[in-house]
1. Once both labels are modelled 7 Å past Cα along the beta-carbon direction, what's the A210-K360 spacing in nm?
2. Between E37 and A269, what FRET efficiency follows from the Cβ-Cβ distance if R0 is 30 Å, with the result rounded to 0.05?
3. Would you tally the net charge around L109, using a Cβ to Cβ cut-off of less than 12 Å, leaving L109 out, and scoring K and R as +1, D and E as -1?
4. Taking only the C-alpha atoms, wrap a convex hull around the stretch 265-344 and report its volume per residue in Å³ as a whole number.
5. Quick one: which residues, 5+ away or cross-chain, put their amide H under 5 Å from the amide H of I121? H built at 1.01 Å from N.
6. So what's the net charge close to S216: Lys and Arg +1, Asp and Glu -1, counting the other residues with Cβ under 11 Å from its Cβ?
7. Kindly give Rg over Rh for the stretch 205-361, based on alpha-carbon atoms, with the Kirkwood expression for the hydrodynamic radius.
8. Determine the alpha carbon to alpha carbon distance for each of K222/K302; K215/K326; K276/K302 and list only those over 18 Å.
Amino acid sequence: MATRAEKFRFQGKAIHKLPVFLAAKPIDGRKTYTRAELTAILNTTNELMQSRALAPAVKIGHRDYNSDRSQQPRRGYVDRFYRGKLAMPGDNAPKVDAIFADVVVDRALAEDYEAGKYPGISAELYPLYWLEKYNETGGPGNEFFIDAIAFLGEDSPAFPELFSGAKAPKQFFSVILPHQMKENDMDMEHIGEQLKELDAKHEAALEAKAIVTWKSPERIFKSRSKKYFTKVALYGLIFVLAAIAFGEFFLVGVIIAVVFVVYVLATVAPQVIEHKITNMGIISGGRAFLWEELDSFWFDRKGDDRLLIVQTELHFPTRLIILLTKVSERTLLDLLEKHLHYHTGPVHTLFDKWAHSLQKRINFD
C-alpha cells in the first residue's frame, strides 16, 4: 500500500535532505533540545509513520491552533525522516545533530523554495497522547512526534496567535537554512551563543578527570635510509620537470613544498604527547574533542604500530590518528563504544584506497 507521499509524487516534486530539527537552540529562543531528545522525537515519529498512524504534512506557515485544518491546505507530505549532521556557516562553526526530511511537495512550492522564497523551516511537535489512539490511556506526556513541517517566509509568519483561547500542547522548532543565512539573520546571535557554550565545554573537558590516560608519539615515525631520500628527490625532480613542460609553474612550488614536508617528517622525530579519555570526550595533545564532535572509531595497524582511528564531525581534523602504547584495545573499546559507533574493521575512503594503491606502485624503500 503506497503512502501519501508516494501517491503525491506523481503530481509533485521531491526535495531531499531538508533540515527540520536541530539538537540546538531554535531561532525563536524557546527550549534547547538535546541529542537524546532529538533521537527520541525521531524514533517516535518514525514508529508512528511505519504503523500508518501518522502522515506528516508539508505546508506554508503555521495555522492558528483553533482554526480548521481545511483553511490551510497541505502542499505535500513527508516521505521519510532521518538523522544526520548539519554544517553551520563559518570556518570554525561546529556541525550539529539534525533531523532531515525527504519531502514531496507541489511543483509551485518546490520552485518557490528553490528561488529562496522560504528561507526558514519549522517543525510542529505534538505530545504522543494527542493522537486519538492514545487518548484512552493518556499516553506518556514526555514523548513528542513531528506532526507537520512548515515553510516560513515573509508572507508566511512563523508564529500566529497559536494559543488564542485554548491551551494547545503544540511546540515548534524553527530553522533558517544554512545556505540562506546572512550576518544579520536573527539566529546568528544564537549561533554565537552556541559557540561560546562550545568553548566553555572544551575548557571543562580539559579539566575533567581522566578515566584512561597514556602517552605516545604524535605520529608514526620510521627511520629512513639514504636510498629513500634519493628516490624522493628523484621523483620530485621528475614531477617538477613535467610541471614545467606543461606550463604548470604553480605546481612546481607545490611539489617542492611536498618534498620538503616528506623530508622533515622522515628526519625530525615526533614529540610525545598525552592522550586521555574522560566522560566528556577525548583529549589528545592538549586539545579537547567532545563526544558530540566525534562520530565513530576503529582500530588499525601500520607495521608494528597499533592505532586508534576516530572519525570526527569537524571540518578539521576529520580524523584523529592516535598511537597506542601500553593501553589495551579492549579497554578503549569498552569506553568508546558507550559514546561512538564502532567499526569492526578499518574504514577506507576513496582517497585512502588511491593513496594505498599509489604507495604500492611507488616504493621509496
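1. Roughly 3.9 nm, to one decimal.
2. After rounding, the FRET efficiency stands at 0.05.
3. Value of the local net charge: +2.
4. On the way: hull volume 8.9 nm³, N = 80.
So the per-residue hull volume is 111 Å³.
5. The answer is L152, V175, I176, L177.
6. Details: positive: K215, R219, R306, K326; negative: E218, E274, D305.
Computed value for this residue: +1.
7. Working: Rg = 18.8 Å, Rh = 18.0 Å.
Radius of gyration over Kirkwood radius for the stretch 205-361 works out to 1.05.
8. Values: K222/K302 11 Å; K215/K326 8 Å; K276/K302 22 Å.
Those over the limit are K276/K302.
Read-outs throughout are calculated quantities, based only on the coordinates presented, and are distinct from any laboratory measurement. Quantities reported herein were computed from a predicted structural model and do not represent experimental measurements. Glycine also receives a Cβ, built like all others from the backbone with ideal geometry; neighbour counts cover every protein chain displayed.
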